[in-house]
Amino acid sequence: MFTIKTFLRLGPSVAMISLLLVGCASEPPKELLSQAEVAIQNAERNGAAQYEPALLSSARTKLDQAHREVDDDENEKGARLAEEAIAEANLANAKAKAVREANQADEMKKAIEALKQETSR
């Protein structure tokens, strides 16, 4: 039988378990999913599809998986995958920028060399 004494003894434990269970049901990581989409779009704009296609593809795949996990109420997994997609998209973006800038530097060196040859004639 449930008495006041039993309730007072078990009450705090039940309350803590309830709070823990509510805490486990996390909110969908909408902001992270949006950030991942923006990071992938930025990487695409900066030429990652040309210079880092595998990394960009991996970021897209992880974002798709993140959406599926969130749809299945696996919000923590979805958040983790969205964070990985952001990291990979940012890395692809940085690598693509580096390659593009290195190519531009090479072109400038060639142009300077051509000008030097012109002036030395």
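Considering Ala79, Ala43, Ala54, the condition of being of a type outside the set (Val, Ile, Thr), within 11 Å of the chain's Cα centre (by Cα), in a helix (DSSP H, G or I) and at pLDDT 95 or above is satisfied by Ala79 alone. Of the residues making up the stretch 84-96, those that are under 15 Å from Pro53 (Cβ atoms) and either surrounded by 19 or more Cβ atoms within 10 Å (Cβ to Cβ) or in contact with a Gly (Cβ under 8 Å, 6 or more places away or on another chain) (or both) are Glu88, Ala89, Ala92, Asn93, Ala96.
I'd like to know if the stretch 22-30 contains one or more residues that are assigned to a loop (DSSP other than H, G, I, E, B) and either on the phi > 0 side of the Ramachandran plot or in contact with a Leu (Cβ under 7 Å, 6 or more places away or on another chain) (or both).
Step one: filter the stretch 22-30 for residues assigned to a loop (DSSP other than H, G, I, E, B), giving 25-29.
Now narrow it down to the ones that are either on the phi > 0 side of the Ramachandran plot or in contact with a Leu (Cβ under 7 Å, 6 or more places away or on another chain) (or both): none.
Checked the stretch 22-30: no residue is assigned to a loop (DSSP other than H, G, I, E, B) and either on the phi > 0 side of the Ramachandran plot or in contact with a Leu (Cβ under 7 Å, 6 or more places away or on another chain) (or both).
Sub-6 Å Cβ pairs linking a first residue in the stretch 32-58 that is touching a residue at least 40 places away in the same chain (Cβ under 8 Å) and farther than 9 Å from Ala89 by Cα to a second residue that is basic (Lys, Arg) and in a helix (DSSP H, G or I), at least 6 apart or interchain, are Asn46/Lys97; Gly47/Arg100; Glu52/Lys95, ordered by first then second residue.
Considering each residue of the stretch 27-35 in turn, none proves to be buried (at least 19 other Cβ atoms within 10 Å of the Cβ) and of a type in the set (Gly, Ala, Ser).
Table: residues versus (1) more than 30 Å from Ala96 (Cα to Cα); (2) of a type in the set (Gly, Ala, Ser); (3) at pLDDT 95 or above; (4) out of contact with any strand residue (DSSP E or B) (no Cβ under 6 Å at 6 or more places or on another chain).
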position: Lys5; (1), (2), (3), (4): yes, no, no, yes
position: Pro12; (1), (2), (3), (4): yes, no, no, yes
position: Ile17; (1), (2), (3), (4): yes, no, no, yes
position: Leu33; (1), (2), (3), (4): no, no, yes, yes
position: Ala59; (1), (2), (3), (4): no, yes, yes, yes
position: Leu63; (1), (2), (3), (4): no, no, yes, yes
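The values are calculated or read from the model by the stated rules, or taken from the named source; none is laboratory data. As the structure is a prediction and not an experimental result, all values here were calculated from the model. When we count neighbours, we look across all protein chains shown, and the Cβ atoms used for this are built from the backbone with ideal geometry, even at glycine.
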